[in-house]
Amino acid sequence: MAEWNRRQFLLYGGLSLVTVGTAVLVSKGAFAFEESAETAKKLSPNPIPVNWDTLIWNGKIIDGTGAPLFLGALAIEGDKISALFREKEGARPGRLQGDNGQFSLAENEQVLQVENYDSAISDIREPLTFWADENTPFVLPEHCKIINAAGRCVTPGFIDVHSHNEAYLRTNPEAELRLTQGITTQIGGNCGNSVPSITAFRKELGPLGLNYSQLVGYRNLRNQVIGDSARKATTDEIDKMVALLEAELADGAPGFSVALEYHPQTAITTQELEVYARVVKDFDKILAVHLRSESDGLLEAFDEVLSVARQTGVAVQYGHVKALFQANWSKHSLLMERFNSAIAEGIDLWGDVYAYDFSSWDFGTNRVSISEANLIDTLQQDRIFVGSDSGLYEGGRVNHPRACGNFPRILARYVRDKEVLSLETAIAKMTSLPARRFRFHDRGTLAVGQKADVLVFDPEQIQDRATRQQPGLISTGIDYLFVNGIETISASLPTKALAGQWL
Ligand SMILES: [Zn+2]
């Protein structure tokens, strides 16, 4: 074997195991690379067998909590994260990188030269050896896929709590336009528009490419009880709608949605809204609201929702926060003042925002209806996370670029280019914060035991491409995406795997 083959790219110090899964019975260790399997045997009286299906190493781990990123590795077993490793302080820098961006590997006694190794993501399986400590290698199963995530971020899959994709999922259950943004979980049924029966919809759709959950929409309840007329509901009709709502919430729906601005939902009174809000509160779920006005009557409309929250104690999700049209841009600071003082007062309130300065009403025009300064200020609020408000229709028809570009746009324009959010904060706003809000307790962070919804992307390359003229262009920069441990994007290409679960 060639001399360089025996060199070790070491080891000592290496990476320490920060969390210990059932498969990894070491409390403290190192993580390292060794080129020769022979040497490994010599050094290792007690190899640790593991049953990992995938090991993503050498990546910048951003765990979704907002904590600073660290160089490390993550193992997936079945549909869960089974180990997470962190580089130990004082470890030799660059020891996993090779010299001058080149790296030499031995494979089955043959030499495999890999050029520019640390800039090219790869999934070369052997002969890497990963060490628990300086004498103890992990023994990986033959099938374990190893991904070198050099230069890449490894994060939880994104969670989009605000989507309008029911028609799209019917024709495109693999949901590629969502996956190519890094989204692994989405909530539909927003703004009052849900399906008549979530259980029937679930059967109709069959398996999906991402995790999915559907709110109960007020318009849908009205359709079933009143029809399309925008008249006030009678007490009897409200009772019927409450019964339908209770049944769906009992069946697992994450909450109730309403768009007070849209026909025929405009007919709802504040008192009627309070009736549903009490039901939602009783079930400990979420009231997702599109305000009665997002423009001229913005502040009054927001006050209405606050009064419902005060009266009922319901948890409110304020959808697509914005002050629409230039004449109302100056209301933004007042809106944020009210938003934050309501939270200080104890109201259970969060909001979501999309990454564009125009709404779907501006599609086909060049109008800017949302102030970007306001948008940035909204994004920077603690209680605001990212949602796309994406409308996707049959076959992938789109009427706003946010459907295909929203999440990469946050990372490209607001994190990388304008630097108005840290990477870690932006990722938290796309992962753990929405997961906590919607009670997805086993998603939204990278930690042992969490579902393996895992994204690998290049922070320098990630880019939305969708525009007003071409709203259907997919984003670039996503290398790998796992949904429940299954690869749904592999080497930047969708695999068409239907790995999603209904939540
Ligand atoms: Zn809406």
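The values are calculated or read from the model by the stated rules, or taken from the named source; none is laboratory data. Bear in mind the structure is a predicted one, so any value in this text is a computation, not a measurement. Using ideal geometry, Cβ is built from the backbone for each residue, glycine included, and neighbour counts are taken over all protein chains shown. Heads up: the accessible areas ignore ligands, DNA and RNA and are worked out on the full protein's heavy atoms, side chains in. Shrake-Rupley method; radii C 1.70, N 1.55, O 1.52, S 1.80 Å.
Every listed requirement among (1) surrounded by fewer than 18 Cβ atoms within 10 Å (Cβ to Cβ); (2) within 16 Å of the ligand (Cβ to nearest atom); (3) over 29 Å from Q469 (Cα atoms) is met by W350 save one, (1). Under the condition of being within 16 Å of the ligand (Cβ to nearest atom) and not aliphatic (A, V, I, L, M), which residue from the range 138-171 is farthest from Q461 (Cα to Cα)? For the range 138-171, the residue satisfying everything is E166. Step by step: first the residues of the range 188-209, then only those that are part of a helix (DSSP H, G or I) and within 16 Å of the ligand (Cβ to nearest atom), then the one that is nearest to R170 (Cα to Cα). Which residue is that? Looking at the filtered set, the residue picked out is N190.
Residue by residue, here is whether (1) in contact with a strand residue (DSSP E or B) (Cβ under 7 Å, 6 or more places away or on another chain); (2) modelled with pLDDT under 95; (3) among the hydroxyl-bearing types (S, T, Y) holds:
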| residue | (1), (2), (3) |
| --- | --- |
| V305 | yes, no, no |
| Q311 | no, no, no |
| L324 | no, no, no |
| R338 | no, no, no |
| D348 | yes, no, no |
| Y356 | no, yes, yes |
| G364 | no, yes, no |
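In the set N399, N374, N406, only one residue is more than 16 Å from the ligand (Cβ to nearest atom) and in contact (Cβ under 8 Å) with a residue 24 or more places away in the chain; that residue is N374.
Would you mind stating whether V216 is on the phi < 0 side of the Ramachandran plot, within 16 Å of the ligand (Cβ to nearest atom) and either within 14 Å of the chain's Cα centre (by Cα) or open to solvent by 10 Å² or more (accessible area, probe 1.4 Å) (or both)?
When the stated conditions are applied, V216 does not pass them.
Hey, any hits in the range 174-184 for a residue that's touching a Phe, Trp or Tyr at 6+ places or on another chain (Cβ under 6 Å), among the small types (G, A, S) and either away from the ligand (no atom under 16 Å from the Cβ) or open to solvent by less than 10 Å² (accessible area, probe 1.4 Å) (or both)? Within the range 174-184, one or more residues are touching a Phe, Trp or Tyr at 6+ places or on another chain (Cβ under 6 Å), among the small types (G, A, S) and either away from the ligand (no atom under 16 Å from the Cβ) or open to solvent by less than 10 Å² (accessible area, probe 1.4 Å) (or both).
Determine whether the range 226-240 contains at least one residue that is hydrophobic (A, V, I, L, M, F, W, C) and touching a Cys at 6+ places or on another chain (Cβ under 8 Å). Don't jump to the end; show me each part of the working.
Of the range 226-240, the ones hydrophobic (A, V, I, L, M, F, W, C) are 226, 230, 233, 238.
Of the ones still in play, those that are also touching a Cys at 6+ places or on another chain (Cβ under 8 Å) are none.
No: the range 226-240 contains no residue that is hydrophobic (A, V, I, L, M, F, W, C) and touching a Cys at 6+ places or on another chain (Cβ under 8 Å).
Just one of the listed residues (L260, L245, L249) is within 16 Å of the ligand (Cβ to nearest atom) and closer than 17 Å to L287 by Cα, namely L260.
Hey, can you tell me all the residues within the range 458-478 that are part of a strand (DSSP E or B) and surrounded by fewer than 22 Cβ atoms within 10 Å (Cβ to Cβ)?
Start the filter on the range 458-478 by keeping residues that are part of a strand (DSSP E or B), which leaves 463, 476, 478.
Residues satisfying the conditions are Q463, T476.
Restricting the range 265-274 to residues that are within 32 Å of the chain's Cα centre (by Cα) and either of a type outside the set (D, E) or open to solvent by 60 Å² or more (accessible area, probe 1.4 Å) (or both), the residue that is nearest to the ligand (Cβ to nearest atom) is Q265. Among the conditions (1) within 16 Å of the ligand (Cβ to nearest atom); (2) touching an Asp or Glu at 6+ places or on another chain (Cβ under 9 Å), S295 misses just one, which is (2).
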